Amino acid sequence: MQEKTFALKGNIIYTPECGKLELHPHSYLVCEDGKVAGIFDGLPRRWQGIRVEDYGDKLILPGLVDLHVHASQYAYRGLGMDMELLDWLECNAFPEESRFADLSYARRAYGIFTDALTRSATTRACIFATLHRPAALVLMEQLEQAGLPCYVGKVNMDRNSPDILRETTEQSLEETRLWLEQSRAFTLVRPMLTPRFIPSCTDELMAGLGRLQREFGTAMQSHLSENLSEIRWVSELCPDTRFYGEAYARAGLFGGDCPTVMAHCVWSGEEERALMKENGVFIAHCPQSNINVSSGIAPVKNYLKEGQKVGLGSDVAGGAHLSIFRAMTDAIQSSKLRWRLVDQDTPALTLPEAFYMATKGGGAFFGKVGSFEPGYDFDAVVMDDAELPTTRDCTLAERLERVVYLSDGRPCAKYAAGKRLF
Ligand code: GUN
Ligand code: FE
């Protein structure tokens, strides 16, 4: 049994508000009962004698948060990138996901994903499984074993997909109810409702999921306004809605009491944005996927300015890389193209802003997560930039920038919810 009170020593960096970096060279970060107790120049008297893990000159950062990733697509990341979203789903995502009906395949594929997530700097994630309940439970078991406090969704799909990857409406709702009940067995990993996107879910299914949410109080994730052909399709499928988000909202599945995250929001208009803000819907910005499947460049800087809740998503396998450091640089780079090519009034994202979205911005979905302010859940990663030699004498902020742009994304130590994972 690990002690729940200990300290890490090293160069501590975090961001308490968007655009601002806190830098604490050679300091102590104290964890008490799984929560951050504070950052100190020297170890205060009341904690004398606790275990101190001394990381020397290394960097200590909050664990990163991935607000949108498909565990079931990890096996084919880096493949099939010459297509737009809807063709890409049909040719790549759906055939791969249908394989998760086979539990031994699911165990193997999810094992590879869970190992990769464990070795990464990500401590929390909102994860899509597939529509197969037993396979989703296998993924939850593996994440629980690995000590990763994630949300996982058994996907719902009852239209517009091949026979082998489609449920009837009744089946979808019954399986979801059973899965929510079975999910009570987990303590660290939580279930979240996951209607894939509006084209995959009938009105009846959405209404049923809305009722389940009100009964169970479950969090929810889906896709929103990702791609122009998709948006056109939704307006045909739901002719009585004024905007895409309304198709979720009318089922009662668009924020409010239960934490809700929508991936992409590349093309969200004024009304959709106003409703997201009013209902506290989180936006998972997935810049790499938006480029790979040619969806566009989301106006993320504007989202931050208008006070939306925003985090980053890898969206594997639309995104090829699981690293949220990589998502930070993708977000910055695509915002520069947007500035130059689309909207000259909105400057590019800065590194501290991207770091905020990757930590406290996305972390807020999980509660007090993603910061080293007192009372926050103790999620931390230790990065060794000695592997990135330079002739320069860098400041701590510059060292963070180099780790974000250059490292392979693998920490040398990792803690989630106060527990050391390696
Ligand atoms: N929209 C519906 N399903 C998916 C998916 O698997 N990936 C992405 N990027 N968008 C989707
Ligand atoms: Fe996605």
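Of all residues in the range 79-91 being in a helix (DSSP H, G or I) and open to solvent by 30 Å² or more (accessible area, probe 1.4 Å), which is nearest to PRO199 (Cα to Cα)? Out of the qualifying residues, it is LEU86.
Only a single item in (1) within 16 Å of ligand 1 (Cβ to nearest atom); (2) surrounded by fewer than 16 Cβ atoms within 10 Å (Cβ to Cβ); (3) touching a residue at least 24 places away in the same chain (Cβ under 8 Å) is not met by TRP267, and it is number (2).
Of all residues in the range 113-163, those being open to solvent by 10 Å² or more (accessible area, probe 1.4 Å), within 15 Å of ligand 2 (Cβ to nearest atom) and in contact with an Asp or Glu (Cβ under 8 Å, 6 or more places away or on another chain) number 1. The residue of the range 201-235 that is farthest from the chain's Cα centre (by Cα), among those that are among the small types (Gly, Ala, Ser) and surrounded by fewer than 24 Cβ atoms within 10 Å (Cβ to Cβ), is SER235.
Conditions (1) open to solvent by less than 10 Å² (accessible area, probe 1.4 Å); (2) over 30 Å from the mean Cα position of the chain (by Cα); (3) at negative phi; (4) away from ligand 1 (no atom under 16 Å from the Cβ), marked per residue:
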| site | (1), (2), (3), (4) |
| --- | --- |
| VAL30 | yes, no, yes, yes |
| ARG46 | no, yes, yes, yes |
| GLY49 | no, yes, no, yes |
| GLU53 | no, no, yes, yes |
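Any chance you could count how many residues in the range 33-44 are charged (D, E, K, R), assigned to a loop (DSSP other than H, G, I, E, B) and either within 16 Å of ligand 2 (Cβ to nearest atom) or surrounded by 15 or more Cβ atoms within 10 Å (Cβ to Cβ) (or both)? Looking only at that region, the number is 0. If we scan the range 62-83, do we find a residue that is within 16 Å of ligand 2 (Cβ to nearest atom), free of Cβ contacts under 8 Å to residues at least 60 places away in the same chain and touching a Gly at 6+ places or on another chain (Cβ under 7 Å)? The answer is no; no qualifying residue exists.
Evaluated against (1) open to solvent by less than 10 Å² (accessible area, probe 1.4 Å); (2) part of a helix (DSSP H, G or I), SER314 falls short on exactly one condition, (2).
The values are calculated or read from the model by the stated rules, or taken from the named source; none is laboratory data. Bear in mind that the values here come from a model prediction, so they are computed numbers and not experimental data. Positions of Cβ are backbone-derived with ideal geometry, glycine not excepted, and every protein chain shown enters the neighbour counts. With ligands, DNA and RNA removed, areas are computed over all heavy atoms of the protein, side chains included. Shrake-Rupley method; radii C 1.70, N 1.55, O 1.52, S 1.80 Å.
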